[in-house]
Amino acid sequence: MQASLTHIHERIARAAAISGRTGADIRLIGVSKTHPAEAIVQAHQLGVRDFGENRVQEAEAKIMQLSHDYPAICWHLIGHLQRNKAKRAAALFDYVHSVDSLAIAEALSRYRVETGKAPLRILLQCNVSGEESKEGFAATNWRHDVRIWDELRTTAIAIAELPGIEIHGLMTIAPYSEDAEATRPVFHTLRELREALHREIPHQPFHELSMGMSGDVEVAITEGATMVRVGRALFGERDYASPQGGQGV
Ligand SMILES: *Cc1c(COP(=O)(O)O)cnc(C)c1O
């Protein structure tokens, strides 16, 4: 794992330099879905502090196992969140990247307030590419379609009013492509959307862009990513037949 982590850090640093930043400006989230808690411990020993999980139940087992001995770990939920899991998610995670409706934001808000913890940091997941299989707020063509923009703006403003949660930025999943460059317009569009929404809602932090995975971190970073979600390039291929397996993405 040391070699893959070094390689990832190099990729991040090179891309950061192109966009006038350093590797330290970009948060590496190790996507540990399907991998056991031991893999997280190993990555933690090498300095990784942020971990991303797709499913609440799978994450809960690992968080319960590790949170006492590794209190510095920051847990990110990056997979689709169902309403009936919102209570657990609000209690377990530091960040939820996959908020994709006002209803789910309201549920997270209510349950987070009940925990008495600091506000939950959320990102609004946006479907920029228009792929039907992708979750997220519809955001294709938001610059030219005033209905899409109004809907996004109104929903984000309503979410910003909720107690117990803070909007830290936007997240997207680019369509899979052999050619990483093909994803650039998606990342570019998300960056512009973040700026536009932040102008409407200046009192929320709104500084994060969670975009870029193993295959396209460089493109995402040169388009302004502040968080990259890296699974395979750090932990190796996922084995969905393992006990930790599951549908994933
Ligand atoms: C699995 C997953 C990742 C990591 O993908 P890799 O290609 O393994 O780096 C990132 N983001 C989300 C939302 C995921 O589900």
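Bear in mind that the values in this text are calculations on the coordinates, not laboratory data. Since we're looking at a predicted model, the values are computed, not measured. Reconstructed Cβ throughout: ideal geometry from the backbone, glycine too, with neighbour counts over all protein chains shown.
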Q. Can you work out the FRET efficiency for the pair ARG83 and ALA3, with r the C-beta to C-beta distance and R0 = 51 Å, to the nearest 0.05?
A. 0.80
**Q.** Dipole magnitude (debye, nearest 20) for segment 97-249, charges at Cβ of Lys, Arg, Asp, Glu
**A.** 460 debye
Q: Please work out the Cα center distance from segment 4-31 to segment 141-193, rounded to the nearest Å.
A: 23 Å
Q) Using a simple spin-label model with points 7 Å from Cα along the Cα→Cβ vector, what separation in nm is obtained for HIS203 and GLU132? A) 4.1 nm
Q) Picking from VAL56, VAL128, VAL41, which is most flexible by a Gaussian network model of the chain using Cα springs under 10 Å? A) VAL41
Q) trypsin sites (Lys or Arg not before Pro), restricted to segment 1-70: which are DSSP loop and have at most 15 other Cβ atoms within 10 Å? A) ARG49
Q.
So for segment 157-237, averaging the separation of alpha carbon pairs under 8 Å that are six or more residues apart and normalising by length, what relative contact order in percent results?
A. 30 percent
Q. Can you tell which of GLN125, ALA59, ALA15 lies farthest toward the positive end of the dipole of the chain, using +1 and -1 charges on the Cβ of basic and acidic side chains (Lys, Arg; Asp, Glu)?
A. ALA59
Q | Computed over the chain: relative contact order in percent, which uses C-alpha pairs under 8 Å that are six or more apart | A | 22 percent
Q: Rounded to whole Å and sorted largest first, list the principal axis extents of the Cα atoms in the chain.
A: 47, 43, 32
(Q) Within 10 Å, at most 14 other Cβ atoms, and a DSSP state outside H, G, I, E, B define an exposed site. Report the longest part of the chain free of exposed chymotrypsin sites (Phe, Trp or Tyr not before Pro). (A) 1-175
Q. Which lysines, on any chain, are close to LYS134 with Cα under 20 Å apart, when same-chain ones fewer than 8 places away are left out?
A. LYS33, LYS85
Q.
Suppose a student asked you for the relative contact order of segment 34-122, using Cα pairs under 8 Å spaced at least 6 residues apart; what percent would you report?
A. 24 percent
Q | Projected label distance in nm at GLU38 and SER177, using a 7 Å step from Cα toward the beta-carbon | A | 3.9 nm
Q | the chain: antiparallel DSSP beta bridges as a percent of all, rounded to 5 | A | 0 percent
Q: Among ALA103, ALA15, ALA59, determine the one that fluctuates most according to a GNM of the chain built with springs between C-alpha atoms less than 10 Å apart.
A: ALA103
